[in-house]
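J.: Pasting in a structure now, in structure tokens, and then I'll have a few things to ask.
Since every read-out is calculated from the coordinates, none of them should be taken as a lab result. All of these numbers come straight from a predicted model, not from anything done at the bench. Every residue, glycine among them, receives a Cβ derived from its backbone with ideal geometry; neighbour counts consider all protein chains shown.
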Amino acid sequence: MGLKYSIKLGVVAVGALALVSMTAVAQENRSEISVQGTGFFTNDTHGNGVADHASDTGGFLIGYRYNFNRWLGAEANYGYDRNTQFYFGGTPARVQSDIHQITGSAVVKLPGFARIQPYALAGGGALVFNPTGNSGGSFAGASEQTQGTFLYGVGADYVLAKHWSIRGEYRGLVYKAPSFNLAGLETNSWTHTAQPSAGIVFRF
């Protein structure tokens with residue numbers, strides 16, 4: 001009788017622990033949506049007798065992050081900016097374009113303190129440069145061009161409440177400078193864009 005009672009008690013205990021564990025997982029806020037305002041600052045490039053200077057600008061970044069556990073997550077982002085590329089050399093030109101940023105990254109959360117949760121991220125994606133055709137910012141023959149990009153970054157969330165945080169972040173993008181599919185604008189050089197941002201996060 002004692003053995004049977006112990007077995008039953010053990011089964012009940014395991015079942016209760018499993019139920020508590022499942023409930024805890026269900027109550028975790030694993031998903032996040034973020035909206036951030038960004039800066040977009042690109043280094044100058046030189047190559048093939050062509051110099052390329054990009055104007056500084058700003059835009060926005062929308063993201064979705066899924067946290068697998070306390071330390072590891074995955075994130076997808078869409079960003080938008082608009083700037084003008086100024087080319088000097090064999091073919092002087094200026095091309096204004098909308099820049100669509102589509103990236104994915106792994107996110108590693110670092111040890112936090114108080115209400116602050118720092119993290120680091122790395123991944124890749126694409127930048128789509130789409131000429132606007134606006135007067136004073138267009139060049140004959142310039143067309144949409146997509147450049148692959150490597151992404152790295154660091155950031156921190158400050159927890160305001162269970163579901164809400166504010167976020168400060170720095171992202172770096174490394175990619176080939178755009179030429180808009182024109183040989184005369186091709187530097188064949190890599191460039192770097194610094195993208196600081198701040199915004200709000202909702203967890204659910």
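J.: Report Rg/Rh for the stretch 67-106, rounded to two decimals, where Rg is the Cα radius of gyration and Rh the Kirkwood radius. Before the final figure, lay out the partial values.
T.: Details: Rg = 17.6 Å, Rh = 13.1 Å.
A ratio of 1.34.
J.: Same structure again: What distance in nm separates the two pseudo spin-label positions at Ile116 and Arg94, each 7 Å out from Cα along the beta-carbon direction?
T.: Here the answer is 4.1 nm between the modelled labels.
J.: Sorted from largest down, what three extents in whole angstroms do the Cα atoms of the stretch 92-204 have along their principal axes?
T.: Taking max minus min along each principal axis of the Cα atoms, the stretch 92-204 gives 55, 26, 22 Å.
J.: Within the stretch 28-90, list the chymotrypsin sites (Phe, Trp or Tyr not before Pro) lying in a DSSP loop whose Cβ has at most 11 other Cβ atoms in a 10 Å radius. If you can, show how the numbers build up before the last one.
T.: Details: sites: Phe40, Phe41, Phe60, Tyr64, Tyr66, Phe68, Trp71, Tyr78, Tyr80, Phe86, Tyr87, Phe88; in loops: Phe68, Trp71.
Passing both the DSSP loop test and the Cβ count: Phe68.
J.: How compact is the stretch 39-117 by the rule of thumb for globular proteins, expressed as Cα Rg over 2.2 N^0.38 Å? Working shown, then result.
T.: Values: Rg = 18.2 Å, N = 79, 2.2 N^0.38 = 11.6 Å.
Compared with the compact-globule rule of thumb, the stretch 39-117 sits at 1.57.
J.: Can you tell me the length gained on complete extension of the stretch Ile102 to Asp44, counting 0.36 nm per residue apart and subtracting the Cα distance?
T.: On the way: separation 58, 0.36 × 58 = 20.88 nm, distance 2.24 nm.
Computed gain between Ile102 and Asp44 is 18.6 nm.
J.: Could you pull the Cα extents of the chain along its three principal axes, largest to smallest, in whole Å?
T.: 95, 30, 26
J.: Roughly how big is the chain's charge dipole about its Cα centre, with Cβ charges of +1 (Lys, Arg) and -1 (Asp, Glu), in debye to the nearest 20?
T.: Roughly 1160 debye for the chain.
J.: Want the number for Arg30 to Asn134: 0.36 nm per residue separation, take away the alpha-carbon distance, what's left?
T.: 33.1 nm
J.: What does a probe at Phe202 reach in the stretch 161-177, counting residues whose amide N is under 11 Å from the point 7 Å along Cα→Cβ?
T.: Answer for the stretch 161-177: 164.
J.: Let me ask something else. Could you work out the helix-only [θ] at 222 nm for the chain, with each DSSP H run of four or more residues adding -39,500 (n - 2.57) and the total divided by the number of residues, to the nearest 500 deg cm²/dmol?
T.: Numbers: 1 runs with 26 residues, N = 204.
Mean residue ellipticity, 222 nm, calculated: -4500 deg cm²/dmol.
J.: Moving to a separate point now. Would you work out if the stretch 83-155 is rounded, prolate or oblate? Take a ≥ b ≥ c from the square roots of the eigenvalues of the alpha-carbon gyration tensor; rounded if a/c is under 1.5, else prolate when a/b is larger than b/c, oblate otherwise.
T.: Prolate, because a/c is 1.5 or more and a/b exceeds b/c.
J.: Please list 114-120, 158-164 highest first by mean number of surrounding beta-carbon atoms within 10 Å per residue.
T.: 114-120, 158-164
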